[in-house]
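The values are calculated or read from the model by the stated rules, or taken from the named source; none is laboratory data. As the structure is a prediction and not an experimental result, all values here were calculated from the model. A quick note on method: Cβ atoms are made from the backbone with ideal geometry, for glycine too, and the neighbour counts reach across all protein chains shown.
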Amino acid sequence: MSDVEVRLVPWSEPDLEILQRANTPEMKAHLGGPETEEQVLARHQRYLKLDNGRMFRVELAPGGEVAGSIGYWDREWDGETVYESGWHVLPEFQGRGIATAAARAIIAEARRDGRHRWLHAYPDVDNPPSNGICRKAGLELVGPVDFEFPKGRPMRSNDWRIDLTA
């Protein structure tokens with residue numbers, strides 16, 4: 001278990017900078033590549049208005065350094081509504097257990113929300129760090145699935161899930 005402490009802070013207007021900083025070829029390599037400025041602004045607006053989940057800025061505790069973002073939202077999957085989660089940890093903070101700590105925190109948030117039994121994550125099968133985060137955060141690997149992200153771009157993902165009622 002990591003000794004890294006993070007704080008999840010509800011998404012707000014200044015957090016646009018996180019999306020802009022994460023919009024690089026390296027950070028978006030498994031997500032279809034960088035978005036246009038218009039797409040980044042639209043994503044930010046969706047995060048601000050999210051009514052089927054929550055987005056957060058990830059801060060290191062206790063200092064408050066902004067390390068990235070994480071959230072969960074509703075998704076229809078195998079005939080039921082589940083939570084999907086996704087995250088970005090900025091390059092200078094990677095490899096320190098921050099994403100795993102944030103994933104554990106988002107699981108706790110989704111449990112408190114309590115609307116769905118399952119939280120899923122769908123990292124690219126060729127993204128070992130994100131798959132490792134899922135494993136370390138306690139999600140179970142269901143198996144590989146065909147996924148579309150962004151819309152119109154097929155990808156092969158691993159379906160990870162955790163039972164929020166357990």
Evaluate the range 94-101: report whether one residue or more is closer than 24 Å to E5 by Cα, free of Cβ contacts under 8 Å to residues at least 60 places away in the same chain, part of a strand (DSSP E or B) and among the small types (G, A, S). no
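If we scan the range 6-17, do we find a residue that is farther than 27 Å from R117 by Cα, surrounded by 15 or more Cβ atoms within 10 Å (Cβ to Cβ) and either out of contact with any Cys (no Cβ under 6 Å at 6 or more places or on another chain) or among the acidic types (D, E) (or both)?
Among the residues of the range 6-17, at least one is farther than 27 Å from R117 by Cα, surrounded by 15 or more Cβ atoms within 10 Å (Cβ to Cβ) and either out of contact with any Cys (no Cβ under 6 Å at 6 or more places or on another chain) or among the acidic types (D, E) (or both), which makes the answer yes.
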Would you confirm, using the coordinates I've provided, whether A110 is closer than 27 Å to S12 by Cβ and not in a strand (DSSP E or B)? yes
Residues of the range 105-149 classified as farther than 19 Å from F56 by Cα and small (G, A, S), total: 3
Checked the range 51-73 for anything crowded, with 16+ Cβ neighbours inside 10 Å and modelled with pLDDT under 95; matches are G53
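Table: residues versus (1) outside any helix (DSSP H, G or I); (2) of a type in the set (V, I, T); (3) in contact with a helix residue (DSSP H, G or I) (Cβ under 9 Å, 6 or more places away or on another chain).
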| position | (1), (2), (3) |
| --- | --- |
| L8 | yes, no, yes |
| E17 | no, no, no |
| T24 | yes, yes, yes |
| E35 | yes, no, yes |
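If I filter the range 124-139 for residues that are surrounded by fewer than 19 Cβ atoms within 10 Å (Cβ to Cβ), among the β-branched types (V, I, T), in contact (Cβ under 8 Å) with a residue 12 or more places away in the chain and not in a strand (DSSP E or B), do I get at least one hit? Walk me through it before giving the result.
Going through the range 124-139, the residues surrounded by fewer than 19 Cβ atoms within 10 Å (Cβ to Cβ) turn out to be 124-129, 132, 135-136, 138.
Still in the list and also among the β-branched types (V, I, T): 125.
Next, from what is left, pick out any that are in contact (Cβ under 8 Å) with a residue 12 or more places away in the chain: 125.
Narrowing the set further to residues that are not in a strand (DSSP E or B) leaves 125.
Yes; the residues of the range 124-139 include at least one that is surrounded by fewer than 19 Cβ atoms within 10 Å (Cβ to Cβ), among the β-branched types (V, I, T), in contact (Cβ under 8 Å) with a residue 12 or more places away in the chain and not in a strand (DSSP E or B).
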Taking interchain pairs and intrachain pairs at least six residues apart, which have beta carbon atoms under 8 angstrom, with the first residue in the range 2-30 and within 12 Å of V40 (Cβ to Cβ) and the second outside any strand (DSSP E or B) and small (G, A, S)? K28/A22
